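Single-structure report; data block below.
The values are calculated or read from the model by the stated rules, or taken from the named source; none is laboratory data. Just so it is clear, the model here is predicted, and its values are computed rather than measured. With ideal geometry, Cβ positions are generated from the backbone for all residues, glycine too; neighbour counts draw on all protein chains shown. In case anyone asks, the SASA skips ligands and DNA or RNA and just uses the protein heavy atoms, side chains included. Shrake-Rupley method; radii C 1.70, N 1.55, O 1.52, S 1.80 Å.
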Amino acid sequence: MAVTDGMVSLKHLVTMETLSNEEVLGLIERGLAFKYKKAQYQLDRQYFAANLFFEASTRTHKSFEVAEKKLGLDVIDFDAKTSSVNKGETLYDTILTMSALGVDICVVRHWEVDYYKQLVDSRTIQSAIVNGGDGSGQHPSQSLLDLMTIYEEFGTFDNLKIAIAGDITHSRVARSNMQILKRLGAQLYFAGPSQWYSDEFDVYGKHVSIDEIIDSVDVLMLLRVQHERHGKDGSFSKESYHSLHGLTPSRYQLLKDSAIVMHPAPVNRDVEIADQLVEAPRSRIVAQMQNGVYVRMAIIEAVLQGKV
């Protein structure tokens, strides 16, 4: 992986851990160029992309599709429900097929953590792999759009106080962000129920209550409560979570004037954040969704550069 002529070149993008700070900043700058300077990327031939989502998704799936079409790629339709996966075909063989058909980029979301390792290690698969989320592992494109949103606001990461609040243990968004934000110089805090936190994250930041840091953070990054994971036995209370750990109107008023609120969405209104605050002045939730298209354009451009 390298940065050449102001443009990032990647063979694959599967995890934030393998990106250098220079590459991260290069992707952010390129995303901003697509957004504000209407930057263009000239294709040297016809390119094909396939979005293979084995878990439900709206924002990630569709923003990749929009990004691909904005760049002029031909997008191949794929629906896991009607594919040979239902005949027992493995993920590896599905991607092997796509590669054999001439698909240049495969964006994949799959429930298996590290599913991508056998794909990028393959000598036969020629498609570039872009990770759209692997279980509770990594979500690099979400992390990059979050970083772009923060950088767009502050122009730096150094010494920013950033709190990530919610289910830290099971969040691929949290894992991706904590690793790179720490490396870029941010001061990290984690908030939320103690049972949703693990000591392994102590190397990145400090676990606190939301009320301890609400008036001092620059960025409050809320995480979706995974109702499909929690409270199946009826023990989880939306009202209690919102009161103890969520962004209520009273907590919102304690934020610094310069602070911003983020959320990867979909939002559980009146759980992580009060309904009336989703589109409040300090909320950047809509901006995150918009930035997702532009940073994913930068990602696609980078893996296309890697194929040149």
Express in Å², to the nearest 10, the accessible area of Tyr36 obtained by rolling a 1.4 Å probe over the protein heavy atoms while all chains stay in place. 140
Rounded to the nearest 20 debye, dipole of the chain from Cβ charges on Lys, Arg, Asp, Glu: 500
Considering only protein heavy atoms and a 1.4 Å probe, what is the carbon-and-sulfur percentage of the accessible area of the stretch 141-284? 43
Solvent-accessible area per residue, Å², over the chain with all protein chains present [probe radius 1.4 Å]: 44
Which order do peptides 163-171, 10-18, 296-304 fall in by mean Cβ count within 10 Å, highest first? 296-304, 163-171, 10-18
Spin-label model distance (nm) - Ser240 vs Ala56, 7 Å beyond Cα toward Cβ: 2.5
So for each of 278-285, 105-112 I average, over its residues, the number of other beta carbons within 10 Å; can you give me the resulting order with the highest mean first? 105-112, 278-285
